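Notes follow the structure.
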Amino acid sequence: MVARIRSFALGVLGLLVISFPFLWLKLDYNFAGGTVKIAPNLQNGFDFFRNLIPVFIIVLVFALLNWIKKAAHLERPLNRCFSAIARISAQPWFRPVLLFLVLDGVFFMNDKYLGLAIMMGIYMIQAVGLNITVGMTGLLVIGYAAFYAFGAYAFAVAQIKIPGLLWWEAAPFIFVAGGLLGWFIGLPCLRLRGDYLAIVTLGFAESFRELMRNLNITGGDKGIGLSPASQLTPLPYLTLQQSKYVLVTLFVFGVVFIVRRIYRSPIGRTWVAIREDETAAAAMGIPVVRMKLFAFALSAAFAAIAGLLYVMHVGFIDPAAGAFEQSVMVLAMVILGGLGSIEGALLGSAVLFLVPEFLRDSDFLLAISPNFSDYRLLIFGSIMVVMMLIRPQGLLGSRRRQLEINPESQPS
Amino acid sequence: MSSLLETEDLGKSFGGLKAVQSVNLSVRPNEIVSIIGPNGAGKTTLFNCLSGIYKPEQGKIVFQRQNITGQSSFRVCRRGIARTFQNIRLFAEMTAVDNVLVGQFRHRSMNPFPMLLRTSGYQETENAGKQEAHELLEFVGLSKHANIWARNLPYGLQRRLEIARALATRPRLLLLDEPAAGMNPREADDMVDLIGRLRGRGLAILLIEHHMKVVMRISDRVMVLDHGETIAFGTPNEVRNDPKVINAYLGKESNN
């Protein structure tokens, strides 16, 4: 305990020393005299730490929850909460009823909440897609947003070249093109062992974004808007926003359906086997490279579909969609929810998307931390660090982990 | 009788170290061949060459009259050679039955569309596969532990699960790398019994083992390796009385 406190204190001290010149000092340029003077800048330092208060609160809450769990000897409290739902969700009627209920929401939400739900759905598709590579196959992908931006740009550019192109005409092509792009990016690095894929996708994402910023056809920094002919036409009896909500909901259910079925099939077992032990998987006759490529291509294809939905929703795409921040956010969703768990990816994306959105408008938060939204990434970072420390398997462990609890088959 | 597996002059070295040199091994169908030798004699390297994890530098490996030298390990497995590992390499966070199901990979179609649609044909093969997996678990004595994570199984059962997983690939030849390592005499006896029953399934078995009792009891032939070279190859009795083997393996007899 003493050692832990000491190392913590040393860490804080080191951080203070390193950050001292950046946070607490400033340079006063005297241009007339040509001299530079170092002056203290206390306001800046105080503002910085004030803005960090939410981060500290979040970390404290997590630590407190962990402490309660240990003190009260709660085994897997989250899984227990969800086990009731799990029993219902095993019923054959569960998915249709859930789909009906979620679609029903269209009549009970105003445009603002519909907008939030649409964006959340788009993040859910990405999180479930990324979960295929990061969670199930165990391949770290950092530049996932590139495939998302690719899907959006592919449709935006195509509707310039082919006036009047409709989204559903383009969707299959974008799905396949996204998968092929993933395959090409994965091909050189998936033949190697180790986390080369992380670096390669990171580099690809950055260069893709720069490419989009510098091409004429993609409109550079300004981006491209959809022409009215290519925008979504409202479904009968529904407004435009409501139609988008219905569309995105159907896509989320479709993607979850596909991923779940593949995950429970021999292909999914193969992915998990590769994650667990690549050498042993190969010795069991599994073509490791091919299966990894398939996982990565599928996940890239889902990202491209999410991008298509995004451009349909916003009606506009610019290079910021492919930003590093986006990739990290989706990765954080997958890790928060639980690697390898589809429900976890859904929960993680809901939490990490909705919580900042609601906090953004909160007066309380604005009072204590005026520039809260600038610190979003820092908060994601701290959540990830805390999660890794106290609950490395994420909020919901994977389904296969839950299968493990089978009282009759415990060794005596 | 023709050989199932034959190596000609097989060699592999790491830097200057010749881990395996000019090994001429042959395994006939339904035969148990043991490989013994002191630590570092190249036994596991030989296995890794046979199963495609290492590429041998010299010689060739012929399995069922086909040259499989230097093929990658999943192709070798598809030809019908399955293996277990010395340091157990199960899929730790999968249940025992899922581990065995992964082993069935090479008999399963990987077309994703039937899996998406859950066609009746797909469901039949899936159920048949599960049935087969449970039978294999029963065969190795793990039927009670089907739904436990491989990581949480006791050590002896993990070794058995590795054998079940290897059997799921329906091999003609099974390479067992120290299946009785770290076992007490009783467990080792059970392992001998299991290996005997494996032979009853019509498999040929290539075995690395340190338990001399196990080796001498079940092997048809024994190969002794030392410093990567074959120093003896013959029936257990021949090998036991070979002075070179006694020298290398048991140490020089001292008549004090």
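The values are calculated or read from the model by the stated rules, or taken from the named source; none is laboratory data. As the structure is a computational prediction, the values presented were derived from the model and not from experiment. Backbone-built Cβ (ideal geometry, glycine too); neighbour counts: all protein chains shown.
Of note:
- Residue check for A:L232: surrounded by fewer than 20 Cβ atoms within 10 Å (Cβ to Cβ), part of a helix (DSSP H, G or I) and away from every other protein chain (no Cβ under 14 Å): no
- Residue match in region B:6-18 (condition: in a loop (DSSP other than H, G, I, E, B), more than 14 Å from chain A (Cβ to nearest Cβ), under 18 Å from the mean Cα position of the chain (by Cα) and farther than 15 Å from B:L225 by Cα): no
This table checks each residue for (1) surrounded by 20 or more Cβ atoms within 10 Å (Cβ to Cβ); (2) within 10 Å of chain A (Cβ to nearest Cβ); (3) free of Cβ contacts under 8 Å to residues at least 12 places away in the same chain.
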{"residue": "B:A96", "(1), (2), (3)": "yes, yes, no"}
{"residue": "B:F105", "(1), (2), (3)": "yes, yes, no"}
{"residue": "B:T125", "(1), (2), (3)": "no, yes, no"}
{"residue": "B:A128", "(1), (2), (3)": "no, no, yes"}
{"residue": "B:A133", "(1), (2), (3)": "yes, no, no"}
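- Residue match in region B:82-90 (condition: facing another protein chain (nearest Cβ under 8 Å), of a type in the set (K, R) and farther than 26 Å from A:G254 by Cα): yes
- Residue ranges of helices (runs of 4 or more DSSP H) in region B:141-236 with at least 2 members more than 14 Å from chain A (Cβ to nearest Cβ): B:185-200, B:212-218
- Residue selection: B:L117 satisfies the criterion of being more than 7 Å from every other protein chain (Cβ to nearest Cβ), free of Cβ contacts under 8 Å to residues at least 40 places away in the same chain and farther than 22 Å from B:R170 by Cα.
- Members of region A:328-346 found to be surrounded by fewer than 24 Cβ atoms within 10 Å (Cβ to Cβ) and of a type in the set (G, A, S), listed by number: A:A332
- Annotation: A:W67 fulfils all but one of (1) in a loop (DSSP other than H, G, I, E, B); (2) of a type outside the set (D, E, K, R); (3) modelled with pLDDT of 80 or more; (4) closer than 21 Å to A:Q393 by Cβ; the unmet one is (1).
- All positions within region A:355-385 that are outside any helix (DSSP H, G or I) and free of Cβ contacts under 8 Å to residues at least 24 places away in the same chain: A:D361, A:S362
- Residue match in region A:284-297 (condition: in a helix (DSSP H, G or I), basic (K, R) and either in contact with a strand residue (DSSP E or B) (Cβ under 8 Å, 6 or more places away or on another chain) or within 14 Å of chain B (Cβ to nearest Cβ) (or both)): yes
Condition check ((1) surrounded by 16 or more Cβ atoms within 10 Å (Cβ to Cβ); (2) under 22 Å from B:E135 (Cα atoms); (3) in contact (Cβ under 8 Å) with a residue 40 or more places away in the chain) across all residues:
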| residue | (1), (2), (3) |
| --- | --- |
| B:L176 | yes, yes, yes |
| B:I195 | yes, yes, yes |
| B:G200 | no, yes, no |
| B:I208 | yes, no, yes |
| B:V215 | yes, no, yes |
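- A residue that is at pLDDT 90 or above and surrounded by fewer than 20 Cβ atoms within 10 Å (Cβ to Cβ) occurs nowhere in region B:32-42.
- Checking each residue in region B:165-182 for being touching a Phe, Trp or Tyr at 6+ places or on another chain (Cβ under 8 Å) and under 18 Å from B:G141 (Cβ atoms) picks out B:L167, B:G182.
- Considering only residues in region A:303-326 that are under 14 Å from the mean Cα position of the chain (by Cα) and surrounded by fewer than 24 Cβ atoms within 10 Å (Cβ to Cβ), the one that is farthest from A:L240 (Cα to Cα) turns out to be A:F324.
- Exactly one residue out of A:G315, A:G268, A:G285 is more than 30 Å from A:G381 (Cβ to Cβ), at pLDDT below 95 and touching a Cys at 6+ places or on another chain (Cβ under 7 Å): that is A:G285.
- Within region A:159-189, being among the hydrophobic types (A, V, I, L, M, F, W, C) and more than 17 Å from A:A301 (Cα to Cα) holds for A:I160, A:I162, A:L165, A:L166, A:C189.
- Scan of region A:126-165 for residues that are hydroxyl-bearing (S, T, Y) and outside any helix (DSSP H, G or I), ordered by number: A:Y144
- Evaluating B:Y249 against the criteria (1) at pLDDT 90 or above; (2) assigned to a helix (DSSP H, G or I) leaves one unmet condition, (1).
- Residue in region B:56-68 that is of a type in the set (K, R), buried (at least 16 other Cβ atoms within 10 Å of the Cβ) and not assigned by TED's automatic domain parsing to the domain that holds B:G103 present: no
- Single match in A:L346, A:L339 (criterion: touching a residue at least 40 places away in the same chain (Cβ under 8 Å) and not in a helix (DSSP H, G or I)): A:L339
- Condition met for B:R75 (more than 8 Å from every other protein chain (Cβ to nearest Cβ), of a type outside the set (A, V, I, L, M, F, W, C) and in a helix (DSSP H, G or I)): yes
- Here A:I53, A:I18 are screened, and the one residue that is surrounded by 10 or more Cβ atoms within 10 Å (Cβ to Cβ), of a type in the set (V, I, T), more than 29 Å from the chain's Cα centre (by Cα) and under 26 Å from A:P370 (Cα atoms) is A:I18.
- Of all residues in region B:34-62, those being away from every other protein chain (no Cβ under 14 Å), more than 12 Å from the chain's Cα centre (by Cα) and not in a helix (DSSP H, G or I) number 14.
- Answer residue from region A:386-412, given it is at pLDDT 70 or above, surrounded by 13 or more Cβ atoms within 10 Å (Cβ to Cβ) and assigned to a helix (DSSP H, G or I) and is farthest from the other protein chains (Cβ to nearest Cβ) among those: A:V386
- When A:R269, A:R213 are checked against the criterion of being within 14 Å of chain B (Cβ to nearest Cβ), basic (K, R), under 24 Å from the mean Cα position of the chain (by Cα) and part of a helix (DSSP H, G or I), a single residue qualifies: A:R269.
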